Amino acid sequence: MPIDFELSAEQKELQELARRFARDVMAPRAAAADHSGEFPEDVYREAWKLGLMNLNVATEYGGSGLGELDQCLITEELAAACGGMTTSISANCLALQPINIAGTSEQKERFLKPFCSDYHLASFALTEPGGGSDVAGMKTTIRREGDEYVVNGEKVFITNAPHASLYTLFATLDPALRHKGITALVVPRNTPGITPGKDEDKMGHRASSTSSLTFENVRVPVANRLGAEGEGFKIAMNTLDSTRTPIGALATGIARAALDHAAKYSLQRTSFGKPIAEHQAIAIKLADMVQKVDAARLLVWRSAWLADQGKPVPLESSIAKCFASDIAMEVCNEAIQVFGGYGYMREYPVEKLLRDAKLTQIYEGSNEIQRLVIAKELLKRVA
Amino acid sequence: MDILVCVKQVPDPETKLRVSPSGKTFDSDGVKFTINNTYDEATVEEALRMKEEFGFSALRVISVGPARAEEALRSALAMGADEAVLIETPRDMPLDPLLVARYLAAAATDIPHDLIMVGRQAQDDEAGAVGSALGEYLGLPSYSFVTELTPVPANHLLKMKRYVEGGEEVFSAPFPAVLSILKGSKDPRTPTLPNILKARKKPLKKIPVMDLEAKVANLPGGTRPTSETLAFTLPPPRAGAKMIEFQTPEEAADRLLKVLKEEAKVL
Ligand SMILES: Cc1cc2nc3c(=O)[nH]c(=O)nc-3n(C[C@H](O)[C@H](O)[C@H](O)COP(=O)(O)OP(=O)(O)OC[C@H]3O[C@@H](n4cnc5c(N)ncnc54)[C@H](O)[C@@H]3O)c2cc1C
């Protein structure tokens, strides 16, 4: 049997754990956190207690060492309750992945263990005001002085930055070197010279916190460098290769929630004497929505499954992320249409889903960049 | 000193049930089963407390059911139970609470137990009969609806509180005994992700029902269900609500009174 879509009993249990947490802890807080823009840290602490954070940290360092498919199953469940909270919960996986990939065992011991024995947040600091897509164009510099690097520059749109205790920072030895100059450093928040900016007022993912980070003569021990000087670009790209598929799962979760709300509403709401689900125009919308959600989930599973087999997945992960986030926008948009005027009201859950879906087309590599990668990989394979 | 907790996997309360073609049970096709019965979760939690606070040594969980019931046992293992036993039945084997109790009793003779704990009832058939029947078959005293439990292990005594209509009764009794738990003193813990992964590696023994038939045949009632379900029906669909139109509160009260008297005839 070469293909098997059945989840293992253990995977079903992990999914059930995430589903229950999403239903009982996240969902009841989602609307309020979206309205106020508060950072519901008690929810994140609870997620940590249950082991729903730091999924990708190896068991040797106290993590659960889950593969990508398991991570995706959990992420979809969480995102169906609140995209913003899921972004903040999974930001640790993104921030710690460079350490998983390039850290020495001493560094893993030092940096990863505390995350598994206590609740902490970490941030992945790559994007700069001058541009996120053109990573090699970054301007934040590091200069070596003895056993230390001195960091100067600014990062923007960094998830959890004001609340994190550790940053994985990407900076360059010299902007003229472009990607060859980029170096990865692990920087504790309490290092003098680091200032998080104000919490950004966002369109969606409002339960997540996003801010800039400025570095002014920040001194970081050379012992905190991940990999060699100039290896930072590769580390960042490898990190994003493994977190891209879970973003597809996050988008699928948002789309699934929209479909679920729309389908239920269509059975309750009547017009012209029958449930709107019985009007073909609505039924066909629902049929299109379910096809898209199913296809997105399968693309996510395929990419995650391949990655778990140790295969490189630049093409598959980009397809999964790009497709899932695009259909999330379409499905959420249609869900609002099914709800009619009520869908446009903030009292109802679907307009939030559209706002949350939008981000998935932008972050962790915009969909334009995903398409460039997809086309490049495709052409490489036919050339 | 060992504890044995009996658990049952039940349909998810949110799942829609259909009557099976036989008309005597629900159709398990397409039904989502929850990992555990909520009363059993409370019971496992209470049993864990016995281990943590009163020095009981091993906590084993046991279930009678088809292969999927392993999920309920794994969930109890993830909460902290040490070992599990599944008495595995064919998928649609007819069972009633007394027959389940006989299989549990037959298996329990080979499993150390100083205390047997069951949830007061399963959320699905709500029979609440297994605990006392199990006590009967094992020749052990059984106490039902226990809400608080303080063992005095040195004297093999249990101090218990149990629910009685309108109040509570506090009493003590010796163990070994079978207790049915109404509620625990703490909310059941949610298994954490690392514990779910660890539970996979804990021992789970499967005993096919056939292997216990000889023993069960020797118990009063034998290997056939004692009671037979004749029919299984779903609750009638709820009638739609009636809206009362009104201008003033007085008018609303008048009209409501009239409906209650003349239409609903409840006054
Ligand atoms: C809420 C939120 C949270 C985020 N969290 C993090 C985080 O934790 N860490 C982090 O490092 N970053 C984070 N980001 C940053 C995010 O990854 C970037 O916003 C994203 O990579 C795009 O970069 P940019 O905003 O600078 O847009 P730009 O790179 O300026 O792009 C602008 C537009 O041009 C398009 N474009 C750019 N180059 C090309 C090209 N070559 N061909 C075609 N089109 C192109 C883009 O697709 C986009 O549509 C976050 C962003 C947001 C909004």
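Over all alpha-carbon pairs in the range A:148-188, figure out the percentage whose distance exceeds 13 Å.
Counting pairs separated by more than 13 Å, the tail of P(r) holds 60 percent.
Report, as an integer, the average count of C-beta atoms from other chains found within 10 Å of each Cβ along B:192-203.
Taking the mean over all residues of the peptide, I get 5.
How would the range B:5-122 be classified by its alpha-carbon gyration tensor: rounded, prolate or oblate, with rounded meaning a/c under 1.5 and the a/b versus b/c comparison settling the rest?
Because a/c hits 1.5 or more and a/b exceeds b/c, the range B:5-122 counts as prolate.
To test your reading of the geometry: what angle, between 0 and 90 degrees and rounded to tens, separates the Cα axis of helix A:68-81 from the longest principal axis of chain A?
The helix A:68-81 is inclined about 60 degrees to chain A.
On the accessible surface of the range B:2-217, probed at 1.4 Å, how many percent belong to carbon and sulfur atoms?
The C+S portion of the solvent-accessible surface of the range B:2-217 is 52 percent.
Would you be so kind as to identify which of B:Val216, A:Val313, A:Gly340 lies farthest towards the positive end of the dipole of the protein assembly as shown, taking Lys and Arg as +1 and Asp and Glu as -1 on Cβ and the Cα centre as origin?
A:Val313
Any idea what % of Cα-Cα pairs in the range B:41-85 are farther than 16 Å?
33
With +1 assigned to the C-beta of every Lys and Arg and -1 to the C-beta of every Asp and Glu, and no other charges, what is the dipole magnitude of the range A:221-345 about the Cα centre in debye, to the nearest 20?
My answer is approximately 200 debye.
With only alpha-carbon pairs counted, each pair once and no self-pairs, how large is the Kirkwood hydrodynamic radius of chain B in angstroms? Show your work: numbers first, answer last.
On the way: mean 1/r = 0.0489 Å⁻¹.
This gives a value of 20.5 Å.
In 10 Å bins starting at 0, how do the alpha-carbon pair distances of the protein assembly as shown split up by percent?
Values per bin, smallest distances first: 3, 13, 20, 20, 18, 14, 8, 3, 0, 0.
Through the Karplus equation 6.51 cos²θ - 1.76 cosθ + 1.60, θ set to phi - 60°, convert the phi angles of the range B:85-97 into ³J(HN,Hα) values in whole Hz; use x for Gly and Pro.
In residue order, the calculated couplings are 10, 10, 8, 8, 9, x, 4, 10, 5, x, 9, 10, x Hz.
Could you work out the mean count of beta carbons from other protein chains within 10 Å of each residue's beta carbon in A:9-17?
Per-residue shielding by partner chains comes out at 5.
Apply the a/c threshold of 1.5 to the C-alpha gyration tensor of the range B:97-195 and tell me whether it is rounded, prolate or oblate. Before the final figure, lay out the partial values.
Working: a/c = 1.20, a/b = 1.07, b/c = 1.12.
Because its axes are fairly even, with a/c under 1.5, the range B:97-195 counts as rounded.
Determine the dipole magnitude for the protein assembly as shown: charges of +1 sit on the beta-carbon of Lys and Arg, -1 on that of Asp and Glu, nothing else is charged, the reference point is the Cα centre, and the result goes in debye to the nearest 20.
With Lys and Arg at +1 and Asp and Glu at -1, about 840 debye.
For the protein assembly as shown, what is the accessible area per residue in Å² when the probe is 1.4 Å?
That works out to 47 Å² for each residue.
How are the C-alpha pair distances of the range A:234-382 spread across 5 Å bins, as whole percents from the shortest bin up?
Binned Cα distances yield the sequence 2, 11, 18, 19, 16, 11, 9, 7, 4, 2, 1, 0, 0.
With only alpha-carbon atoms in the gyration tensor, what are the semi-axes of the equivalent ellipsoid for chain A, in Å, largest first?
Three semi-axes, in Å: 36, 22, 20.
Set Lys and Arg Cβ to +1 and Asp and Glu Cβ to -1, take the dipole of the range A:122-229 about its Cα centre, and tell me which of A:His163, A:Val218, A:Gly193 lies farthest positive.
Farthest towards the positive pole: A:His163.
Explain nothing, just compute: Karplus ³J(HN,Hα) = 6.51 cos²θ - 1.76 cosθ + 1.60, θ = phi - 60°, for every residue of the range A:154-171 in order, whole Hz, x for Gly and Pro.
Result, rounded to whole Hz: 9, 10, 10, 6, 8, 5, 6, 3, x, 10, 7, 9, 8, 10, 9, 10, 10, 9.
Quick one: work out the % antiparallel among DSSP beta bridges in the protein assembly as shown, nearest 5. Before the final figure, lay out each step's value.
On the way: 45 of 77 bridges.
Expressed as a percentage, antiparallel bridges in the protein assembly as shown total about 60.
Note the angle between two axes, namely the Cα long axis of helix A:232-268 and the longest principal axis of the Cα atoms of chain A, as a number of degrees from 0 to 90, rounded to the nearest 10.
That helix lies at roughly 20 degrees to the long axis.
Can you tell me the equivalent ellipsoid semi-axes for the range A:151-238? Use √(5λ) from the Cα gyration tensor, largest first, whole Å.
24, 15, 12
For A:Glu278 and A:Met345, what is the calculated FRET efficiency with R₀ set at 25 Å and r taken between the beta-carbons, to the nearest 0.05?
About 0.55, to the nearest 0.05.
Show log10 I(q)/I(0) for the range A:9-117 at q = 0.11, 0.15, 0.18 Å⁻¹, two decimals, from a solvent-free Debye sum over equal Cα scatterers.
Results for the range A:9-117 at q = 0.11, 0.15, 0.18 Å⁻¹ read -0.35, -0.62, -0.86.
Starting from the 7 Å offset along Cα-to-Cβ, what nm value, one decimal, do you get for the label separation of B:Asp254 and A:Asp4?
7.3
Collect residues whose amide H, placed 1.01 Å from N in the peptide plane, falls under 5 Å from the amide H of A:Phe157; neighbours closer than 5 in sequence don't count.
So A:Phe157 has HN proximity to A:Ser211, A:Ser212.
May I ask for the angle, rounded to the nearest 10°, between helix A:367-382 and the longest principal axis of chain A, with both axes built from Cα atoms and the value confined to 0 to 90°?
80
Around A:Ile282, what is the net charge, scoring Lys/Arg as +1 and Asp/Glu as -1 over all other residues with Cβ under 14 Å from its Cβ?
Within the 14 Å Cβ shell, the charges total +1.
How much mean residue ellipticity at 222 nm does the protein assembly as shown get from its helices, if each DSSP H run of length 4 or more adds -39500 (n - 2.57) and you divide by all residues, to the nearest 500 deg cm²/dmol?
Rounded to the nearest 500, the figure is -13500 deg cm²/dmol.
For a Förster distance of 41 Å, can you work out the FRET efficiency between the beta-carbons of A:Ser36 and B:Arg200, rounded to the nearest 0.05?
Here the calculated transfer efficiency is 0.50.
Report the charge-dipole magnitude of chain A in Debye, nearest 20, computed about the Cα centre from +1 at each Lys and Arg Cβ and -1 at each Asp and Glu Cβ.
Around 500 debye, computed over chain A.
Using 0.36 nm times the number of residues separating B:Leu234 and B:Val31, minus their current alpha carbon distance, what extension gain do you get?
Between B:Leu234 and B:Val31, full extension yields an extra 71.6 nm.
Counting pairs of alpha carbon atoms under 8 Å apart in space and at least six apart in sequence, what relative contact order in percent does chain A give?
With pairs under 8 Å counted, the relative contact order is 16 percent.
Out of the range B:71-156, which trypsin sites (Lys or Arg not before Pro) are coil in DSSP terms and have no more than 14 other C-beta atoms within 10 Å?
Filter output for the range B:71-156: B:Arg91.
Which one of A:Ala304, A:Val382, A:Val293 has its Cα pushed farthest toward the positive end of the charge dipole of the range A:234-382, where Lys and Arg give +1 and Asp and Glu give -1 at the Cβ?
The listed residue farthest towards the positive side: A:Val382.
Applying the Karplus parametrisation 6.51 cos²θ - 1.76 cosθ + 1.60 with θ = phi - 60° to the phi angles of the range B:210-227, what ³J(HN,Hα) value in whole Hz is obtained for each residue in order, glycine and proline being reported as x?
3, 5, 9, 4, 4, 5, 5, 4, 7, 8, x, x, x, 8, 9, x, 6, 10
Between A:Ser105 and A:Asp294, how many nm apart are label points set 7 Å from Cα along the C-beta direction?
Simple spin-label model gives 4.8 nm for this pair.
The values are calculated or read from the model by the stated rules, or taken from the named source; none is laboratory data. None of these values were measured; they are calculated from a predicted model. Cβ coordinates were reconstructed from backbone atoms using ideal geometry, including for glycine residues, and neighbour counts include every protein chain displayed. These accessible areas exclude ligands, DNA and RNA; they are computed on the full protein's heavy atoms, side chains included. Shrake-Rupley method; radii C 1.70, N 1.55, O 1.52, S 1.80 Å.
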